[in-house]
Structure formats: structure tokens, C-alpha cells
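Read the structure below first, then the notes.
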Amino acid sequence: MGFENDRTRTSRWYVEVTSKGLFRFLTGPRERLFEVAGAYLREFLRRFFDSEGSAVVSKGRVKVLASNYDIEVPRLCQNLLEGLGIHSKTYKTKHKGQLVVIRGKQYRYNSDLFTLTINRKESVYRYTREVGFSITRKQNKLLSYFGLL
């Protein structure tokens, strides 16, 4: 685990794990992963949003987003959130072949990108209280917005 801060990457935390068992689990039947996600839904959702998501506060509004290239993952998370009474929607936000400029260099998306969005204020509040982020910076943004910090 560490913090990356160089010219080619945005400042970010990273975690590296070496585990044959974890590798087999993650590359194994998707149904097993989804079964475990359902059994530990808050923990699964928290880690998913920690790694793929963000808390956004802008112009007096708040939302939580998470993106993934595999449509089944945001849909699974949407179903899990629904079970907690948290409204969310999944959108295709980038199309395969679409151009993007990253640090001045032009690329094309190799796959469609899907974004899961929680944007109803009461749902974001419920997410903050029921699931939340493990990453303090992200969680504090939500807590501060709702006056809980």
C-alpha cells in the first residue's frame, strides 16, 4: 500500500495484493462473487465505492458516483443499494471508440463505461449513514455537506 505522486499518474493511493486464493476467487464464477457481495452488502458496496467511486459536492448539490466497464457490476450494486432503500441509476457515460484527452494525449475508449449515480439527496444521506466510504476524504465530504462533521 502506498501513495503514488509522479508526472504520469494523478496523486493517488494504491494497494497491491498477492494471493492465489483471492485471484482464483476474483477470476472464478461471477455468481460466487455476487453471492458473497449479497452476504456482505455494506462491506462490498463500501469497498466498491472506495475504489471506483467519488463523492461530489457542487453548486449546493451532492451525489455519489462509481464507474466500471462491466455493466453487471454497477447493476449488482444498484440492486444491493435498492435493498437498503437507496435509489440509484446506471448510465452509459462513455462509448467504445469515444475520444478522450488525458494529460494532453488523445486516446479512444476500448469499451463502454457505465456510471452508477446516487443523486437524490435523501438517498445520498442514507448512503452516507448506511454504507459510507472508508476513505476519510470522501466520507468527510458527505458528512460535511449534511452537517454531520
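Nothing in this text is a laboratory measurement; each read-out follows from the coordinates by a stated rule. What you are looking at is a predicted structure, and each value in this text was computed from that prediction instead of being measured. A quick note on method: Cβ atoms are made from the backbone with ideal geometry, for glycine too, and the neighbour counts reach across all protein chains shown.
Here is how the numbers come out for the structure above:
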item: Distance between modelled label sites at GLU16 and VAL101, nm, 7 Å Cα→Cβ extension; result: 3.3
item: Vicinal HN-Hα couplings computed from phi for region 64-78 (Karplus, 6.51 cos²θ - 1.76 cosθ + 1.60; Hz; Gly/Pro x); result: 10, 10, 8, 10, 7, 7, 9, 3, 5, 6, x, 5, 4, 4, 4
item: Model label zone, LEU148; criterion: amide N under 16 Å from point 7 Å along Cα-to-beta-carbon; scope region 98-122; result: 118-122
item: Candidate aspartates and glutamates for bridging to LYS94, where Cα separation is under 13 Å - those fewer than 8 sequence places away on the same chain excluded; result: ASP70, ASP112
item: Peptides ranked, highest mean first, by Cβ atoms within 10 Å: ranges 39-45, 113-119, 58-64, 139-145; result: 113-119, 139-145, 39-45, 58-64
item: Whole-Hz couplings from phi, Karplus 6.51/-1.76/1.60, listed for region 94-103; x for Gly and Pro; result: 9, 9, 3, x, 5, 7, 9, 10, 10, 6
item: Taking region 1-143 and dividing mean pair separation by its residue count, relative contact order in percent (alpha carbons under 8 Å, at least six apart); result: 22
item: Spatially proximal lysines relative to LYS138 (Cα-Cα < 18 Å; intrachain offsets below 8 disregarded); result: LYS59, LYS63, LYS121
item: Separation between Cα centres of region 81-145 and region 43-80, rounded to whole Å; result: 4
item: Mean Cα-pair separation over length for region 1-78, i.e. relative contact order, pairs under 8 Å, 6 or more apart, %; result: 14
item: Largest-first principal axis extents, alpha carbons of region 37-117, Å; result: 41, 31, 18
item: Among [x] 34; [y] 49; [z] 64, the entry that matches percent of Cα pairs over 22 Å apart as calculated here; result: [y]
